[in-house]
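The structure under discussion appears below in the form of C-alpha cells.
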Amino acid sequence: MAGQVAHLVAEAGFDVRLDPSRGLDHGVWVPLRRAFPEASVPVIQLSLPFPARPAELLRLGRALAPLRQRGVLLVGSGGIVHNLRTVTLDEDEAPTPDWARAFDAWVRDRLAKLDLEALADYAGRAPHAALAVPTSEHFEPLFVVLGTVGAHDRVVTLFEGFQHGSLSLRSVALTAS
C-alpha cells in the first residue's frame with residue numbers, strides 16, 4: 001500500500017521518499033489509539049510538503065482520491081483552532097473566547113457547503129484566522145482530505161467542542177450522500 005501511495009503522489013508531481021524506519025507521529029497514533037485501540041488496522045503515515053499552500057494540499061488530496069474510492073480510510077489529524085499560546089492547560093472546560101468560536105463556526109459553515117475556494121483562502125477571509133491558526137501545520141491535513149471530495153460527498157460533523165478554552169476538537173467526515 002505504501003508503494004501505491006508513493007506512486008499516486010509522485011504521479012501528481014510531488015517528491016516522494018519512503019522511510020520504513022520512521023515511527024508514527026503523535027498526530028497519527030493519538031487519534032488511532034482512540035479509534036482503533038487494538039491496533040487492528042494497517043497504517044501508513046504521509047508527511048505533508050513543507051511549506052505548503054492549501055491549493056497544493058488539495059492537489060495532494062486529489063492524487064489520493066482513488067484510494068478512498070477503493071475503501072481506504074484517509075484520516076487528516078490536526079485542529080481547526082490550534083493556538084497553544086491561548087489555551088488554558090490547567091482547565092479542561094475553560095470558557096471559549098469569541099474569536100475561537102467565530103473562526104471555528106466560519107470553518108464549519110464553509111465545510112457544510114464544501115466551499116473549498118473560501119477554505120483555501122481562510123487566511124484572507126476567515127475571522128481571526130491569524131489568531132486561530134498562527135502556524136498552519138495542524139490545519140493543513142484538512143485540505144488533503146478535502147482534496148478527495150467526490151461529486152456526491154457531504155461533510156458530517158462527528159464532534160464539535162472546545163477544550164482548554166480555545167482548542168477546537170471539531171471532527172468531521174466525508175460521506176457520500
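The values are calculated or read from the model by the stated rules, or taken from the named source; none is laboratory data. Fair warning: this is a prediction, and the values are worked out from it, not measured in the lab. Don't worry about glycine lacking a Cβ; one is built from the backbone with ideal geometry, like all the others, and counts go over all protein chains shown. Surface accessibility is based on the protein's heavy atoms, side chains included, excluding ligands, DNA and RNA. Shrake-Rupley method; radii C 1.70, N 1.55, O 1.52, S 1.80 Å.
Side notes on the structure shown:
- Accessible surface of the chain [probe 1.4 Å, protein heavy atoms]: carbon and sulfur percent: 53
- For the chain, complete DSSP H runs whose alpha carbons reach 20 Å or more along their own long axis and whose mean Kyte-Doolittle score is -1.0 or higher are 54-69, 98-112.
- Charge-dipole axis of the chain as Lys and Arg at +1 and Asp and Glu at -1 on Cβ define it, positive-most pick from LEU114, VAL172, VAL30: LEU114
- Note on surface exposure: HIS7, HIS164 rank HIS7, HIS164 by accessible area, highest first, 1.4 Å probe.
- TRP29, TRP99, ranked by accessible area, largest first (probe 1.4 Å): TRP29, TRP99
- Reported to the nearest whole Å, the Cα centre-to-centre distance from the range 10-42 to the range 128-161 is 18.
- Taking label points 7 Å from Cα along the Cα-to-Cβ direction, ALA6 and THR88 give a separation of 4.8 nm.
- Mean separation of Cα contacts under 8 Å, 6 or more apart, over the residue count of the chain: relative contact order %: 28
- Protein heavy-atom accessible surface, 1.4 Å probe, per residue over the chain: 61 Å².
- Working from the Cα coordinates of the chain, the gyration tensor eigenvalues give, after taking √(5λ), semi-axes of 27, 19, 16 Å in decreasing order.
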